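Trainee: Structure in structure tokens, see below.
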Amino acid sequence: MPDLAAANATINGLYLKVGQRMIAARKARGYTQADLGQAVGLSRSSIANIENAVQRAPFHTLLGIAQALGVDPVGLLLSDDPPQVAPPMPSVNVTLRRRLLAARTEIDTLLEAIPGDYDKGDHS
């Protein structure tokens with residue numbers, strides 16, 4: 001008969017290690033728990049619970065966390081070394097980005113209505 005207590009202890013240990021690697025990667029990236037939660041669609045408390053192995057995150061959630069942190073998912077899940085974190089990208093407010101893209105589309109539409117090849121330097 002399998003030793004369920006030992007198996008559960010092993011699983012808990014794995015989740016603790018994942019949580020430790022998450023914390024290291026999150027801090028290296030300069031994210032708070034709230035920042036990471038927002039990036040992956042979880043609450044700050046869920047991130048805290050995952051980091052402390054209180055909550056066992058599904059595999060797809062852990063993949064999303066790895067992506068948000070800019071780390072290799074295998075390194076986050078299995079490595080004994082701290083995950084290698086890509087340099088942080090500049091933070092851009094999503095709403096502002098959407099507004100800028102909408103404005104760009106509107107500008108492109110206006111430029112298309114101008115006679116001549118305005119985008120090719122013909123400003124006559």
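What follows draws every value from the coordinates through simple rules; no lab data is involved. Since the model is a prediction, treat every value here as computed from it, not as a measurement. All Cβ positions, even for glycine, are placed from backbone atoms using ideal geometry, and neighbour counts span all protein chains on display.
Trainee: Would you mind calculating the gained length between Ala103 and Val54 on full extension (0.36 nm times residue separation, minus the Cα-Cα distance), in nm to one decimal?
Mentor: Full-extension gain reported as 13.2 nm.
Trainee: If you don't mind, another one. With r as the distance between the Cβ atoms of Ala34 and Asn8 and R0 = 25 Å, compute the FRET efficiency 1/(1 + (r/R0)^6) and round to 0.05.
Mentor: Rounded to the nearest 0.05, the efficiency is 0.25.
Trainee: Under a crude label model (7 Å from the Cα following the beta-carbon direction), how far is Leu110 from Gln67 in nanometres?
Mentor: With each label point 7 Å from Cα toward Cβ, the separation is 3.5 nm.
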